[in-house]
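Visitor: I'd like to ask you about the structure that follows.
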Amino acid sequence: MSTSETASLPPSYPHLLTRERLPDGVTLFTLEARPATLSVGDQETRVLTYNGTLPGPLLLLEEGERVRIVLRNALPDATNLHLHGLPIPPAVDDPHRVVAPGAETSYEFTVPEGSAGTYWYHPHLHGSVTRQLFEGLSGPLLVRGPLERSGPLAAAWEHVLVLSDLSIDNGRVADHTEMDWGRGKEGSLLLVNGQVRPTLTVRTGLVRLRLINASTARYHQLALPGRALHVIGQDGAFLEAPVAMESLLLVPGERADVLVTAEEAGTLQLLSLPYARTPAGPSPREPVALLTLQVEGAPTRADLPTTLRPVERLDERSAVATRTLTFTGAMNPIRFMVNGRTYEHHRTDLTVKADTLEVWELRNPSPMDHPFHLHVFPFQVLTRDGVPAPFPAWRDVINLRAGETVRIAVPFREHTGDVMLHCHIVEHEDRGMMANVRVTRD
Ligand code: C2O
Ligand code: CU
Ligand code: CU
C-alpha cells in the first residue's frame, strides 16, 4: 500500500492486519479465531480473539482489489466468518458455512467498485453468534476508494473505534441469564478498541472517526460536547455531503464515518448519552464517557469536504413488490419472530427477483427497539412512521423503534443466492429473529 495510506492509519489498536500479495495478484489475509487471556479493564480475562487481539485486527481493503481471507478455527467450538455489509456474492459470504475446530476455510472475492466505507467482521453461526461476539470475536474492516487518495479526507487524522461491552465473572466473560436473551445483554464494561475509556491523541486539524458498534445489544447515543459530529458516511457508504449532528444514534451492527474539526489543542470527551431502547429497561443512565480525545499541535484550519459521493435516488413507483415484515417476541421460552415465525435453517422465507426493486414495510409492534439488518443488499429508508428520510443514504442496519414502522426500498442487483435478514441484537437473532431470503433470476 502507499505511504499516504499508512500515514493516516491508527498508530495503536486495532492493529493493521498484514497483507500478503500472492503471485496470482490476490491479496491474502489470515485470521485465526482463538481463545486468549488479556487484560480487560485491568482484569485478566479469558476472551475469544482473532489473532490474539481485542478487537480483531483491521482489514484494510481497496476497491477493485482481489482478496482472499483465510479463517482458521483454533476455538474449541465451530464458528464461521461474516463480512458485515460487504455487497459480495452470497455464496462467498455464506453464514451457513460451518468451520469445525481445527479446520480452516477461505473467502475469496473482488472488492466491489463504489464500496468504499466502514464494515466489520464477526461470526455468524446460528445459535452461537451471541456468545462468540460477546466474548470478543469481532474486528473492523475498511474499504478505501478514490476519496481517500487526495483532498481533505486524505489529510485527515483517522481512527477506527470499535465499541463493545462485556461483563467479567471470575476471569471469564459472564454468562447470559435467561432474561439477558430477552432484553439483550449489556456488559458492565464499555470498551473502545478493547480498552476502558482510553485516551486518543490526535493532531490539530480534521479528525476522522470510523465508529463501529460491535456490541451484542447496547445502543449508543454518541456526542462530543463542544463539537458537531459531521457525518460523512453511514454503514458501508458515503453520504452526498457532510451532515452536522449534535448527537448520533449508533445501534448494534451500525457504523458511522464522522469528521470532527479540531482546530486548536484541547481535550474532548466522546460520550454515550442515555437512550431507552425498551420502556421496561433500567431508568436512563447518566452520560458515560467512552473516550478522551486529546488534541495536540499548533492551531490550524480544518476544512470539511463539501461533496462526497452521489447517492442514487430510488423511485419506489418502479418497485415490483411491496412486503410487510413484522418483528415480535414471545415468552416461555423467550423467543423472537419475523412474521410470526422463529428462524429455521432450511426454510426459505422470502423469494425475490434479481434486478428488481422492492419496498419493504418493517413493522415493530413490540415494546422494544430492534435493529434490522439485511446482508449483501444495501437499502434506503423511505419513511419512518410516514415521515420521509431527511437525506438519501445507503444503509445495511436501521433501528426500528418500539411501535414504529419504517419503509425501505431495496434494490436486488446483480447477485443471486441466499441471504439473511435479522435483528442485530444478536440475542434476538440467535433466538429466532432472522429469515432467509432467496434471490433468483428465473
Ligand atoms: Cu453483522 Cu447478519 O450480521
Ligand atoms: Cu451482516
Ligand atoms: Cu431485536
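The values are calculated or read from the model by the stated rules, or taken from the named source; none is laboratory data. Values in this document were obtained by computation on a predicted structure and should not be read as measured data. Heads up, the Cβs are rebuilt from the backbone with ideal geometry, glycines too, and the neighbour counts pull from every protein chain shown.
Visitor: Keeping to region 395-412, report how many residues are within 16 Å of ligand 1 (Cβ to nearest atom) and either over 20 Å from the mean Cα position of the chain (by Cα) or in a loop (DSSP other than H, G, I, E, B) (or both).
Guide: Matching residues across region 395-412 total 1.
Visitor: Still on this model: Mind telling me which of the residues E404, E361, E427 ends up being in contact (Cβ under 8 Å) with a residue 40 or more places away in the chain and touching a Phe, Trp or Tyr at 6+ places or on another chain (Cβ under 7 Å)?
Guide: Going through E404, E361, E427 in turn, the sole match is E427.
Visitor: Residue under question is H373, and the condition is that it be in contact with a strand residue (DSSP E or B) (Cβ under 6 Å, 6 or more places away or on another chain) and either modelled with pLDDT under 95 or within 16 Å of ligand 1 (Cβ to nearest atom) (or both); does it hold?
Guide: Numbers: in contact with a strand residue (DSSP E or B) (Cβ under 6 Å, 6 or more places away or on another chain): yes; either modelled with pLDDT under 95 or within 16 Å of ligand 1 (Cβ to nearest atom) (or both): yes.
When the stated conditions are applied, H373 passes them.
Visitor: Which residue is farthest from G417 (Cα to Cα), if the candidates are limited to region 71-98 and must be assigned to a strand (DSSP E or B) and in contact with a Pro (Cβ under 9 Å, 6 or more places away or on another chain)?
Guide: N73
Visitor: From the list R401, R431, R438, pick out the single residue that is closer than 19 Å to D93 by Cβ and either at pLDDT 95 or above or among the aromatic types (F, W, Y) (or both). Can you show your working first?
Guide: Details: R401 fails: closer than 19 Å to D93 by Cβ; R431 fails: closer than 19 Å to D93 by Cβ.
Of R401, R431, R438, the one residue that is closer than 19 Å to D93 by Cβ and either at pLDDT 95 or above or among the aromatic types (F, W, Y) (or both) is R438.
Visitor: I would also like to ask the following. Filter region 151-185 for residues that are part of a loop (DSSP other than H, G, I, E, B) and modelled with pLDDT under 95 and give the result. Break it down stepwise before answering.
Guide: Taking region 151-185 first, the residues part of a loop (DSSP other than H, G, I, E, B) are 151, 156, 167, 170-171, 174-177, 184-185.
G151, A156 - these are the residues of region 151-185 that are part of a loop (DSSP other than H, G, I, E, B) and modelled with pLDDT under 95.
Visitor: If you don't mind, another one. Take the residues of region 290-320 that are among the small types (G, A, S) and exposed (fewer than 14 other Cβ atoms within 10 Å of the Cβ): which is nearest to the chain's Cα centre (by Cα)?
Guide: Narrowing region 290-320 to residues among the small types (G, A, S): 297-298, 302, 318-319.
With exposed (fewer than 14 other Cβ atoms within 10 Å of the Cβ) added as a condition, the list becomes 298, 318.
Values: A298: 34, S318: 30 Å.
Restricting to residues being among the small types (G, A, S) and exposed (fewer than 14 other Cβ atoms within 10 Å of the Cβ), the top hit is S318.
Visitor: To continue, here is another question. Would you be able to say whether some residue in region 375-393 is more than 16 Å from ligand 3 (Cβ to nearest atom) and of a type in the set (K, R)?
Guide: Yes, region 375-393 contains a residue that is more than 16 Å from ligand 3 (Cβ to nearest atom) and of a type in the set (K, R).
Visitor: Go through (1) touching a Gly at 6+ places or on another chain (Cβ under 9 Å); (2) part of a loop (DSSP other than H, G, I, E, B) for V143 and report which single condition fails.
Guide: The one condition V143 does not meet is (2).
Visitor: Of all residues in region 66-88, count the ones that are crowded, with 18+ Cβ neighbours inside 10 Å, farther than 27 Å from R131 by Cβ and of a type outside the set (A, V, I, L, M). Show your work before the answer.
Guide: At the first step, the residues of region 66-88 found to be crowded, with 18+ Cβ neighbours inside 10 Å are 67, 69, 71-73, 75, 79-88.
When the remaining residues are screened for being farther than 27 Å from R131 by Cβ, the result is 67, 87.
Cutting the leftovers down to of a type outside the set (A, V, I, L, M) gives us 87.
The qualifying residues number 1.
Visitor: Yes or no: H415 outside any strand (DSSP E or B) and within 16 Å of ligand 2 (Cβ to nearest atom)? Talk me through it step by step, then tell me what you get.
Guide: On the way: outside any strand (DSSP E or B): yes; within 16 Å of ligand 2 (Cβ to nearest atom): yes.
For H415, the condition - outside any strand (DSSP E or B) and within 16 Å of ligand 2 (Cβ to nearest atom) - is met.
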